1. Give the stretch 19-39 a look and list any residue that's part of a loop (DSSP other than H, G, I, E, B), without any contact (Cβ under 8 Å) to a residue 60 or more places away in the chain and surrounded by 12 or more Cβ atoms within 10 Å (Cβ to Cβ), or say none.
2. Could you look through the stretch 40-49, keep only residues that are assigned to a loop (DSSP other than H, G, I, E, B) and either at pLDDT 95 or above or closer than 21 Å to residue 92 by Cα (or both), and pick out the one that is nearest to the ligand (Cβ to nearest atom)?
3. Can you name every residue in the stretch 58-97 that is more than 15 Å from the ligand (Cβ to nearest atom) and in a loop (DSSP other than H, G, I, E, B)?
4. Out of 43, 67, 59, I need the residue that is under 12 Å from the mean Cα position of the chain (by Cα) and free of Cβ contacts under 8 Å to residues at least 40 places away in the same chain. Which one?
5. What's the total number of residues in the stretch 11-40 that are under 13 Å from residue 76 (Cα atoms) and among the hydrophobic types (A, V, I, L, M, F, W, C)?
6. So residue 92 ticks every box in (1) over 16 Å from residue 21 (Cβ atoms); (2) in contact with a helix residue (DSSP H, G or I) (Cβ under 9 Å, 6 or more places away or on another chain); (3) free of Cβ contacts under 8 Å to residues at least 12 places away in the same chain but one. Which box is left unticked?
Amino acid sequence: MTAATTPQESRLEVWIDQGLCTGDGICAQYAPEVFELDVDGLAYVKGDDGELLHTPGTAVLVPLVAAKDVIDSANECPGDCIHVRRQDDGVEVYGPDAST
Ligand code: SF4
């Protein structure tokens, strides 16, 4: 049996508010393809080329294979500073500004 095709859902984007990051590295452990700690001890999202994006508020598209790990990171982030939003309308769906 082949897997059913799920309806197309909005892709997710993620950004980090470094002002609240504690530097514990949970996100980088969960989703190292998306998050990494820099030498300043804070976590940043990565671009497609693996470079860390230092401009505050910069969001990246979440790879589909990493979506669960990114969501888990947002849910467990001690700094409450990982923001996951829908790409199509920008609504935060996981993170401190997500509506319950
Ligand atoms: S889990 Fe949150 S507080 Fe911890 S390093 Fe990642 S962004 Fe910073």
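The values are calculated or read from the model by the stated rules, or taken from the named source; none is laboratory data. This is a predicted model, so every value here is computed, not measured. All Cβ positions, glycine included, derive from the backbone under ideal geometry; neighbour counts span all protein chains shown.
1. Within the stretch 19-39, 22, 23, 24, 25, 31, 32, 33, 34, 38 qualify.
2. 42
3. 63, 87, 88, 89, 90, 91
4. Selected residue: 43, the only one of 43, 67, 59 that is under 12 Å from the mean Cα position of the chain (by Cα) and free of Cβ contacts under 8 Å to residues at least 40 places away in the same chain.
5. The number of residues fulfilling the criteria is 5.
6. So the condition that residue 92 fails would be (2).
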